[in-house]
Amino acid sequence: MTTYIRRLMKGITAVLVLLVLGACGQGGQDGADQAADSPADDQTTESVADGELQDVELTLDWYPNANHVPIYTALKHGYFEEAGLNVTLKMPAEADDPIRLVGANQTDIAVSYPGVLMKARAEDIPVKAFGSLVQRRLDAIMYKEESGIQSPKDLEGKKIGYASDSISEEIIYSMVEEDGGDSSQVELIDVGYDLMPALSTDNVDALISAYMNHEYLLLEDEGYNMGHFEFQDYGIPENQELIFIASDQTIDERSEVLTKFMTALQKGYETAVENPDEAIETLFENEENEYALDKDIEIQSWKEFLIEYMSADGEFGTIDPAQYEEYAKWIYERGAIDSELTGDDLTAPAL
């Protein structure tokens, strides 16, 4: 599922260009004209009348899947409307849409990834995280047990399939080194979007950039005995998997909307925990025909992983600036970004 990240990282450069061009093109406009271009500003100049819903556009990271269960549950049960919000969903046409649209103030909120956020912020793209969707990592290094791999050191001389992302590269190298191995003996193979086929056909010996609640379950379902290594067991700082991001402008001018959004979403999560089968049915009511889901896999994903992973910090939706700063420091020290970032650079003030 995180194969999207490769194109997301490439899209960060495009976002920066778009922002620069936009700033140049607006040089002769007054402030009011500039603000008119942003959906995030539609309701900021006037107070919302009693009973009037505030429009909020949420751009997803990928097609509907179990990761989005709280969102669809909140929509179905009217929790956003109860909070005074009219939330509409936007599917990304391109992998970089979430970060690109938020950075350019062309969507209000998006689902994204901490690594993508950190790379964007290091390039001065004005976006921050204000809440979490999945608080624990879903990706891991995974392999077939028949490969004989028992620890990261055993990846020496092996081919590792990944989605051509510099952070994933550093994670692999660091884990092998932490386990006493020689990372220069690891061969990384860019398999693009074909993670599962690459492993099932033995074109690679292991994978990174794949999700435990998706690719791993599907491979097990195909009959493979699978093993995996979790990053934090080999010195990689813990970090969240899926987050909600907004532009600095939206955070400054519509913080109350973001607070209402997270409150409604928490209700969606709690309802989905109490009624998991109904929640999965709600997800399948919104299934994209182009991206058919396996119901058994999505049920397993929700019940065995996401219910716990979405509240791993003890409460749904929370973010820890110190955790973000620690991970960003690690990424910087490994050379995957060029700027040191603080927790305040990456996360919004408490809503």
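The values are calculated or read from the model by the stated rules, or taken from the named source; none is laboratory data. Note that the structure is a prediction, hence the values are computed from the model and not measured. Ideal geometry is used to build each Cβ from the backbone, glycine not excepted, and the neighbour counts take in all protein chains shown.
Scanning the stretch 245-288 for residues that are free of Cβ contacts under 8 Å to residues at least 12 places away in the same chain and in a loop (DSSP other than H, G, I, E, B) returns a single hit, 275.
Take residue 319 and tell me if it is part of a helix (DSSP H, G or I), of a type in the set (Val, Ile, Thr) and touching a residue at least 40 places away in the same chain (Cβ under 8 Å). If you could, list the steps in order and put the result at the bottom.
On the way: part of a helix (DSSP H, G or I): no; of a type in the set (Val, Ile, Thr): yes; touching a residue at least 40 places away in the same chain (Cβ under 8 Å): yes.
Spelling it out, it is not the case that residue 319 is part of a helix (DSSP H, G or I), of a type in the set (Val, Ile, Thr) and touching a residue at least 40 places away in the same chain (Cβ under 8 Å).
Which one is surrounded by the fewest Cβ atoms within 10 Å (Cβ to Cβ) among residues in the stretch 219-263 that are charged (D, E, K, R) and within 26 Å of residue 297 (Cβ to Cβ)? Walk me through how you get there before you give the answer.
Of all residues in the stretch 219-263, those charged (D, E, K, R) come to 220-222, 230, 233, 238, 241, 248, 252-254, 256, 260.
Subsequent filtering for residues that are within 26 Å of residue 297 (Cβ to Cβ) retains 220-222, 230, 233, 238, 241.
Numbers: 220: 14, 221: 12, 222: 10, 230: 15, 233: 13, 238: 15, 241: 25.
Looking at the filtered set, the residue picked out is 222.
Answer yes or no as to whether residue 139 is of a type in the set (Asp, Glu), under 16 Å from the mean Cα position of the chain (by Cα) and farther than 15 Å from residue 165 by Cβ. Taking the combined requirement at face value, the residue does not satisfy it. If you go through the stretch 179-195 and keep only what is without any contact (Cβ under 8 Å) to a residue 40 or more places away in the chain, assigned to a loop (DSSP other than H, G, I, E, B) and not β-branched (Val, Ile, Thr), you end up with 180, 181, 182, 194. Is it the case that residue 280 is of a type in the set (A, V, I, L, M, F, W, C) and out of contact with any strand residue (DSSP E or B) (no Cβ under 9 Å at 6 or more places or on another chain)? So residue 280 passes the test.
How many of the residues in the stretch 196-222 are acidic (Asp, Glu) and free of Cβ contacts under 8 Å to residues at least 24 places away in the same chain? Break it down into steps so the answer makes sense when it comes.
Here is the first cut: in the stretch 196-222, the ones acidic (Asp, Glu) are 202, 205, 215, 220-222.
This time we only want the ones that are free of Cβ contacts under 8 Å to residues at least 24 places away in the same chain, so: 202, 220, 222.
The number of residues fulfilling the criteria is 3.
Whether any residue in the stretch 286-309 is at pLDDT 95 or above, within 19 Å of residue 115 (Cβ to Cβ), of a type in the set (Lys, Arg) and surrounded by fewer than 18 Cβ atoms within 10 Å (Cβ to Cβ) is what I want to check. Scanning the stretch 286-309, I find no residue that is at pLDDT 95 or above, within 19 Å of residue 115 (Cβ to Cβ), of a type in the set (Lys, Arg) and surrounded by fewer than 18 Cβ atoms within 10 Å (Cβ to Cβ), so the answer is no.
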